[in-house]
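A quick write-up on the structure given underneath.
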Amino acid sequence: MTEKDSKWQRKGKSRDLAEIGWLEADILHIVWDKQRVTVRDVYEELRLRRRIAYTTVLSVLRNLAAKELLHQNKSHVAYVYTALVSDVEVARAILETLVDRVMGGNTKPLIAHLEGMAPEREVLVL
């Protein structure tokens, strides 16, 4: 992790790994794919997969900006959101949390599992 952890990487009791919920992860994935999004962009993409309210998408985007995962550009009529962290950074933080909390710091079983799933791919080293 970096010297100054972002708000989303706070240590403490949480039901989500690395303070990222499932809906937040889905929305981050959309932002990473599209690079620049509005609330409407994310809402239209998500409603193809599930029933969701526009206001829910708005709230989650605001929360992700508050957690310093997204940048909220308020200079346009519709706010534009861009990612402040990459998918690799988030994946690394989640894996570090998983290894620490669930596996007691032992990375060997996880690495062995990942190598068995995709032996031709490079394994993310924690």
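Amide H contacts of L70: A65, L84, each under 5 Å away and 5 or more positions distant or on a separate chain (H built 1.01 Å from N in the peptide plane; Pro and chain starts excluded). Between E68 and I111, residue separation times 0.36 nm minus the direct Cα-Cα distance comes to 12.6 nm. With θ taken as phi - 60° and the Karplus curve 6.51 cos²θ - 1.76 cosθ + 1.60 applied, the whole-hertz 3J(HN,Hα) list for the stretch 31-42 is 5, 4, 5, 8, 6, 10, 9, 10, 4, 4, 4, 5 Hz, x standing for glycine and proline.
A simple spin-label model places the labels of L48 and M103 3.4 nm from each other, with each point 7 Å out along Cα-to-Cβ.
Working from label points 7 Å from Cα in the Cα-to-Cβ sense, the E89 to R40 distance is 2.9 nm.
Note on Y79 and L58: their simple-model spin labels are 1.0 nm apart, each label 7 Å out from Cα toward Cβ.
Every number here is computed from the coordinates shown, using simple stated rules; none is lab data. It should be emphasised that the depicted structure is a prediction, and the values quoted were computed from it without experimental measurement. Ideal geometry is used to build each Cβ from the backbone, glycine not excepted, and the neighbour counts take in all protein chains shown.
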